[in-house]
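Notes follow once the structure below has been shown.
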Amino acid sequence: MRQIRDVVLETIPSPCFVLEEARLEQNLAVFERVQREAPVRVLLAFKAFSLFHTFPLIRKTLHGASASSVWEAQLAAEEFGGELHVYSPAYREQDMPSILGYASHVTFNSISQWERFRPLIERSPSPPSVGLRINPQYSPVETALYNPCQPSTRLGLSPEHLGNLLPQGVDGFLSHNLCESDSYALEKTLLHIERFFGHFLPELKWLNLGGGHLMTDKGYDISHAIDVLRAFHNRYPHIELILEPGSAIVWETGFLLSSVQDILPTSDLTNVILDVSFTAHMPDCLEMPYKPVIRGAHEPQKGEKVYRMGGSSCLAGDFLGDYAFSYDLSVGDRIIFEDMMHYTMVKTTMFNGVVHPSIGVLRKDDTFELWRQFSYEDYRARLG
Ligand SMILES: Cc1ncc(COP(=O)(O)O)c(C=O)c1O
C-alpha cells in the first residue's frame, strides 16, 4: 500500500478531507478496463461524490454524470459535461425547466410524475430521453436505510404498476438496488429484470443499472462482471447499458485528517476529543452504523489501553470506539480516518457550528494542495 510521508502529513491543516490523486487514478483505470471490455458507459453519481476539482481527471475516463436534484444537475453541467442522467424521487414544477436545460436523460419515479411533466418535455427545444425507475424485486442490501427494494418502498415501479405496455414516450429504465455489492448481485439483478420486466426489453433503448457496483474493491471479480454485461448485451444488443456508481469511483481514495484536542480518562476507557465530529463530518458511521478504520490503530487486546474517539459536538452519542494504539496518545497527535471520500464529504453539516474540515489534494509527487478552507461566513450564510 502507498504510504504518505509523515513530513507531508504535517503540512496539512487539521481538520481536512484529503483526496489522494494516485489512488483516484488507480480506480479510474479499473473503469477504463470495464468500458473497454464490456459494452457499457459509466457515469459518476454526484450524490456520492461531487468534489468538482477532481472532475477534469475523472472526465478523462467516465462518460458523464448522474444527478439527483436540480443543483447537482447544474453542477454537472457546469463542471463535468458529457452525458447527464437526472433522477429524483419527485421533481418540483419550478425545477423542471432548468433540469431540461441540463439533462440528456430524465428518469421518473412514477407514472404520475411522467404524465405531469410530459407536456413540458414534449414542448422542450431539446427534449431529453425519458426513463422510468423500476424496482427489480431484488436487493442484497440488508440495512433498511440503504435498501431501495424494501417492502412498500417509495423508490421505483413494480411490475404491477406498469402492466403490459411500455408507456408512450419512455425510452429506458433505471434500476438501482445494490450497495457496495459484487458482480454476482449484478448478475442476479439482470436475471430479475428479465424475469419481471422482460416483456418491455424488446422496446427499450437503454438500461441504467444504477450504482452500488463496488468494482474497485480488491475482492471484486471484474472479469465476471464484464462477462455478465456482455452476455446481457448478446441477448439484447439494441439496449445501451449504463452504470452510475459513486462509491466505487472514489473507494479508498482519501482520508479525513483530525487531531487530538483533549484526553479524558475514565475508569474503564480513555475518551479522546477530536477536532472533527462523527455526526457532522462522518454521519454514515452513526447511521449505518460502522466503525471507521484509523491509520495505525488496532482492535484493543486484553490489557491494552482502550481509546474512544469523541467528536467535537455536544451530541452525547457523537463518539466511536474502541481503538488501541502502540503508543500513548497526546494532545496534538494526528488521527487519520481512512476511506472518507464517498458520501462522507457530501453529507457533512455545520451542526454546533463546529469547524468544517478543509478540503485538499495529495498530488502524485506527494505535495499537498489546499483547495478550500471554511470560515465563520460560510456557517452564517447557511442560516440566513
Ligand atoms: C439512483 C442511484 N444511482 C446511483 C447511486 C450511487 O450508488 P453507489 O454510490 O453505491 O455506487 C445511488 C445511491 O444511492 C442511487 O440512489
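Rule-based calculations on the coordinates, nothing more; no lab input. Because the structure is predicted, anything quoted here is derived from the model rather than measured. Methodologically, a virtual Cβ is constructed for each residue, glycine included, from the backbone with ideal geometry; neighbour enumeration extends over all protein chains shown.
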Check your understanding: Among 195-201, 269-275, 171-177, 249-255, how do they line up from the highest to the lowest mean number of other beta-carbon atoms within 10 Å?
Key -> 249-255, 171-177, 269-275, 195-201
Check your understanding: Based solely on its DSSP helices, what 222 nm [θ] is calculated for the chain when runs of n ≥ 4 H residues each add -39,500 (n - 2.57) and the sum is averaged over all residues, nearest 500 deg cm²/dmol?
Key -> -7500 deg cm²/dmol
Exercise for review: Order the peptides 68-77, 317-326 from the highest to the lowest mean number of other Cβ atoms within 10 Å of their residues.
Suggested key: 68-77, 317-326
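Please compute the contact order of the stretch 38-250 in relative form: average sequence separation of alpha-carbon pairs under 8 Å and at least six residues apart, divided by the residue count, as a percent.
Computed value for the stretch 38-250: 22 percent relative contact order.
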Review point. What list of ³J(HN,Hα) values in whole Hz, one per residue of the stretch 61-66 in order, does the Karplus curve 6.51 cos²θ - 1.76 cosθ + 1.60 (θ = phi - 60°) give from phi, with Gly and Pro shown as x?
Key: 10, 8, 7, x, 9, 10
Practice item. Rounded to the nearest Å, what's the spacing between the alpha carbon centres of the stretch 105-129 and the stretch 311-363? Just the number, please. Key: 42 Å
Revision key, fill the gap. Rounded to whole angstrom, the alpha-carbon centroid of the stretch 207-244 lies from that of the stretch 258-310 at a distance of 38 Å
Revision key, fill the gap. Computed D for the chain, Stokes-Einstein, Kirkwood radius over alpha-carbon pairs, 4 °C, 1.567 mPa s, to the nearest µm² per second, is 58 µm²/s
Practice item. Report the normalised scattering of the stretch 38-250 as log10 I(q)/I(0) at q = 0.09, 0.15 Å⁻¹, calculated by the Debye formula with identical scatterers on the alpha carbons. Key: -0.32, -0.96
Practice item. Could you rank the peptides 370-383, 294-307, 108-121, 345-358 by their average count of other C-beta atoms within 10 Å per residue, with the highest value first? Key: 345-358, 108-121, 294-307, 370-383
Check your understanding: What list do you get for I336, I134 if you sort them by fewest beta carbons within 10 Å?
Key -> I336, I134
